Amino acid sequence: MQSPCTREASQACFHGCCLAPFLSLPEPHNQNSKSTNTVSASRYNFATVTASSLFPNTQFTNHESIPSLQDSFANFTKAYQQYSQTDQADQIRAQEYYHLSLSNHVCLDYIGLGLFSYSQQQSHYSSITPIAASSSSSSSYPPPLTSHKLQFPFFNISYKSVNLTSQILYGGQESELESAIRKRIMAFLNISEADYCMVFTANRSSAFKLLAESYLFQSNPRLLTVYDYENEAVGAMIDSSQKRGAQVMSAEFSWPNMRIQSEKLRKMVVNKRKRKRGLLVFPPQSQMTGARYSYLWMSMAQENGWHILLDACALGPKEMDTLGLSLFRPDFLICSLFKVFGENPSGLGCLFVKRSSASVLEASTVASMGIVSLIPAKNPSQLTKDSSSIDTETQNPSKSGLEEYDLAAPSLFSGPTSVQMNNGIGEGSSSSTQMRQFEGFEYGETSESHGTEEVSVTQKGPSSSEIVELEKPTDSVQPGKTESSANENLEIECRGLDHADSLGLILISSRARYLINWLVNALMKLWHPHSDKGFPLVRIYGPKIKFERGPAVAFNVFDWKGEKVEPILVQKLADRSNISLSYGFLHHIWFSDKYEEEKERVLETRTCEAAGTAGHKKKDKVDLGISVVTASLSFLTNFEDTYRLWAFVSQFLDADFVEKERWRYMALNQKTIEI
């Protein structure tokens, strides 16, 4: 995975413009020492610069007193003068994702990679006026660009009956569409076809489960995960691994900063009394809290005989080009991709296996579940009806499930129930995006429920357009043969990936750093009025203002009595303000003696059904953690998006805000009934 962008990545790390992939390194000598000291000083001063970007030494106790968007942006650009150099991202958003402005929609529940642009999708509806007939719309936003490449690259997925090990070792027949998309994805992720094999999966959970069902736990019996939040895909992997006799271990995270408990993790990785190792599942950062993890954990594990699965789903665009990922070559890598940012959250998963590591996969005559083929979408109408095929990793309310949290219901503040849905957004539960997307449909089963003997799949509602029923294995399709002759000699245009390529690693990471740190700083300046000791409205979990943090933040809102407002309620109210947020569950939290009293106050107890090991029945599992709201920033997020989230959260400073929203909801429903 040697990067063709090594020069840019090296400059990014050297000048402090991207994440630092190392825990600690020896201080360079000679001329590099001075440069390193300069970088350290700039990072040290970053928090001070951020604090000065929003009225220093000021607390806001009334939502009506917060500065305007214009004043806030003026202070923001004064503190981060280099932000103006990222305006190319704003130009791309205006031209290719103009629906975000037309719909006044703030998408903060997407993280990961989008294949296509909204403009690219809309160009198939009308060749003359792709934007809705409106003089103001068409004058404000330019029409989509024309292209000599494939004008309809969108696809559906179909399950195929094939064994993962044989697919990796011997390959399989693929259409030109699959071949073109596979090559484009691998080129974007900077992964060499000579070193890695790639398999399309139905979603992220399918990729994790496929690996768990094929990995040789008999000779490598341990599974070690590093996640500070409940992750559905990793949970599926753990269940499958335990059924096959694996010993599952998890890293722990220190309260309150949510940093890895280094000594405990080091002992698990380096334990010399147990020669047999296993599989380390390692994410470079938390998709929930934005905490970064050093790549040196991978190096340490490799030196001690572990195989490495790199979870790249949390990585932002172009972060695969960083120097660390070209140095530490994992045995396996998983990523997920959605189709269109802010519009079509469906997508697929990708499992990469290093060719030299294929021997640790178990040969089996049983067909693996979750491997899919890509087939051309037959008509543009499928683009707005297809279901998602990438799993959400946290709890998510479906359209029908939201009645349990009706604003008019007396049980408004009860704990959230677990309503799972495949939403294709990577991490975090979906909000207004898929509620509009899937309104009126009944949700089908997850992709892991399909049988191994028959390849046919029955889905309800929108799933029928995304997952196609097959009467025979897809492998019977001849290579290069598609349903339309227009798909011969395909050259796929993935504008979503092209846009990230054009922006580059340094611009994307710098822009995200400015926005996420401003947002964290702004949230921490909201305080309840008339409090004797002073009580903040928002609590941030994980890194606060920090140079090296990911573009995601986990937080909770508390009322004036100090009681937490349920995350699912915050998400629902945000959705009504046209802001899409996520929520999830932090766990594996370690409390020192210093915070023992606080432990009793902050931890929540959840009981869920756990998979039993071979020969044992399923039993309930008690999990301790914290349910949180999360916001994730993409390279298309702008300052107005972050400001609108801040302004929305500030409304909770009004002690009657929730009650007002409940009565407003009831009034609207009454009006609907009368009509």
Report summary line: Computed over all unlike Cα pairs, the Kirkwood hydrodynamic radius of the stretch 277-320 in Å stands at 11.1 Å
Query - Nearest-0.05 FRET efficiency for residue 576 and residue 103, computed from C-beta distance (R0 22 Å) - result: 0.95
Query raised in the report: Around residue 117, which amide H atoms from residues at least 5 apart in sequence, or from another chain, sit under 5 Å from its own amide H, with H modelled in the peptide plane?
Result: 495, 496
**Report entry** Placed amide H near residue 163: partners under 5 Å, 5+ positions off or other chain
**Finding:** 368
Query raised in the report: Using the Karplus equation 6.51 cos²θ - 1.76 cosθ + 1.60 (θ = phi - 60°), what ³J(HN,Hα) coupling, rounded to whole Hz, does each residue of the stretch 100-115 give in order, writing x for Gly and Pro?
Result: 5, 7, 5, 8, 6, 9, 9, 9, 10, 10, 10, 8, x, 10, x, 7
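What pairs in 183/272; 546/599; 264/594; 276/354; 160/243; 78/564 have C-alpha atoms more than 30 Å from each other?
In this structure, 183/272; 78/564 exceed 30 Å between Cα atoms.
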Requested in this report: Averaging sequence separations of C-alpha pairs under 8 Å and six or more residues apart, then dividing by the length of the stretch 195-352, give the relative contact order as a whole percent.
Outcome: 27 percent
Requested in this report: Quote to one decimal, in nm, the extra length available between residue 558 and residue 192 on full extension: 0.36 nm per residue of separation minus the C-alpha distance between them.
Outcome: 126.9 nm
Report summary line: In nanometres, the difference between 0.36 nm per residue of separation and the alpha-carbon distance of residue 501 and residue 592 is 28.3 nm
Query raised in the report: Looking at the square roots a ≥ b ≥ c of the eigenvalues of the Cα gyration tensor of the stretch 178-269, which shape do they give, rounded for a/c under 1.5, prolate if a/b is larger than b/c, or oblate?
Result: prolate
**Report entry** Net charge contributed by nearby residues that have their C-beta within less than 9 Å of residue 240 (K/R +1, D/E -1)
**Finding:** +1
Query - Spacing of the two label points (7 Å from each Cα toward its C-beta) at residue 356 and residue 527, in nm - result: 5.7 nm
Query raised in the report: How far apart, in nm, are the 7 Å Cα→Cβ label points at residue 55 and residue 43?
Result: 3.3 nm
**Report entry** Calculated FRET efficiency for the pair residue 169/residue 218, C-beta based, R₀ 25 Å, to 0.05
**Finding:** 0.85
Requested in this report: Just grab the label-to-label distance for residue 304 and residue 95, each label 7 Å out from Cα along the Cβ direction, in nm (one decimal).
Outcome: 5.0 nm
Report task. Report ³J(HN,Hα) in whole Hz for each residue of the stretch 228-235, in order, from the Karplus equation J = 6.51 cos²θ - 1.76 cosθ + 1.60 where θ = phi - 60°; Gly and Pro get x. Result -> 8, 9, 6, 10, 4, 5, 5, x
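Shape call for the stretch 239-372 from the C-alpha gyration tensor, a ≥ b ≥ c root eigenvalues: rounded (a/c under 1.5), prolate (a/b greater than b/c) or oblate?
Working: a/c = 1.61, a/b = 1.10, b/c = 1.46.
Cα axes put the stretch 239-372 in the oblate bin.
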Report summary line: In this structure, the FRET efficiency calculated for residue 640 and residue 62 from their beta-carbon separation, with R0 = 22 Å, to the nearest 0.05, is 0.55
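FYI, it's all coordinate maths here, none of it is from the lab. Bear in mind the structure is a predicted one, so any value in this text is a computation, not a measurement. Cβ coordinates were reconstructed from backbone atoms using ideal geometry, including for glycine residues, and neighbour counts include every protein chain displayed.
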